1. Which numbered condition trips up Glu163, out of (1) under 22 Å from Gly72 (Cα atoms); (2) buried (at least 17 other Cβ atoms within 10 Å of the Cβ)?
2. For Phe160, indicate whether it is touching a residue at least 60 places away in the same chain (Cβ under 8 Å), in a loop (DSSP other than H, G, I, E, B) and over 15 Å from Val57 (Cβ atoms).
3. Which of the residues spanning the stretch 163-179 are in contact (Cβ under 8 Å) with a residue 24 or more places away in the chain and not in a loop (DSSP other than H, G, I, E, B)?
4. Identify the residue in the stretch 81-109 that is among the polar types (S, T, N, Q) and touching a Lys or Arg at 6+ places or on another chain (Cβ under 7 Å) and, among all such residues, is surrounded by the most Cβ atoms within 10 Å (Cβ to Cβ).
5. Can you name every residue in the stretch 22-38 that is closer than 19 Å to Pro186 by Cβ, out of contact with any His (no Cβ under 9 Å at 6 or more places or on another chain) and surrounded by 15 or more Cβ atoms within 10 Å (Cβ to Cβ)?
6. Any chance you could count how many residues in the stretch 110-141 are among the aromatic types (Phe, Trp, Tyr) and either crowded, with 18+ Cβ neighbours inside 10 Å or at pLDDT below 95 (or both)?
7. For the stretch 180-205, what are the residues that are surrounded by fewer than 17 Cβ atoms within 10 Å (Cβ to Cβ), of a type in the set (A, V, I, L, M, F, W, C) and in contact (Cβ under 8 Å) with a residue 40 or more places away in the chain?
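The values are calculated or read from the model by the stated rules, or taken from the named source; none is laboratory data. For clarity, every value in this text was computed on a predicted model and none was experimentally measured. Methodologically, a virtual Cβ is constructed for each residue, glycine included, from the backbone with ideal geometry; neighbour enumeration extends over all protein chains shown.
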Amino acid sequence: MITTPLANAVLEAAESRRSIRRYSNAPVTESELAQLVETAGRAPSAFNLQPWRWVAVRDPELKSQLQAAAYGQPQVGAAPVVLVLYTDTLDALMNVEETFARTLPAEKAAGTKAHLLSTIGAQSEADREAWGAGQSYIALGYLLLVAEGMGLGTSPMLGFDPEQVKSVLGLPSYARVPALVAVGHPAEEGFASTRHAVGRVLSLR
């Protein structure tokens, strides 16, 4: 097997990552947040549309409201930052030029935007944002590995009231909220969970 320092680092992050529910008092700095979100944003998406958006919640009162929306899960209040992942596929479509290569000919850019507006943009709000949520889960996976590589602990959560989360943060009514992610410096090792054997999840044809 051929390995490189980068490949080894990615494998190590994937193998060592655990969900963390207790955090130290050390803050997560704005530069760390920026690096985390920027690198997670390298995740692939169809048409490079990147329909994911993040809200970094550090305000104690807002975190308290999010914790209530997350059915009291303690890591929401314990972590110095809670990242709220939501979709805004409409915004992504309206500003799709921001994702085009600078060398892309204007005619090609216009054609691509028209195609996206006539396909994804023509869907219902629910279908459009469901499509965006599917893309956003890829970015979520990237974010968890990037955080581990940066020495940060995370706890992704799917147990919450999405409408309440949107209300607390004033998010668009059409948005989907795929996940909340507690982020901070770990104060525990986390639980070493058991995974399925490869033969259980992989079929060779």
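1. (2)
2. The answer is no for Phe160.
3. Residues satisfying the conditions are Gln164, Val165, Lys166, Val168, Leu169, Ala179.
4. Thr89
5. Arg22, Glu32, Leu33, Leu36
6. 1
7. Restricting attention to the stretch 180-205, the residues satisfying the condition of being surrounded by fewer than 17 Cβ atoms within 10 Å (Cβ to Cβ) are 187-205.
Going one step further and asking which of them are of a type in the set (A, V, I, L, M, F, W, C), we end up with 187, 191-192, 197-198, 201-202, 204.
Those that are surrounded by fewer than 17 Cβ atoms within 10 Å (Cβ to Cβ), of a type in the set (A, V, I, L, M, F, W, C) and in contact (Cβ under 8 Å) with a residue 40 or more places away in the chain: Ala187, Phe191, Ala192.
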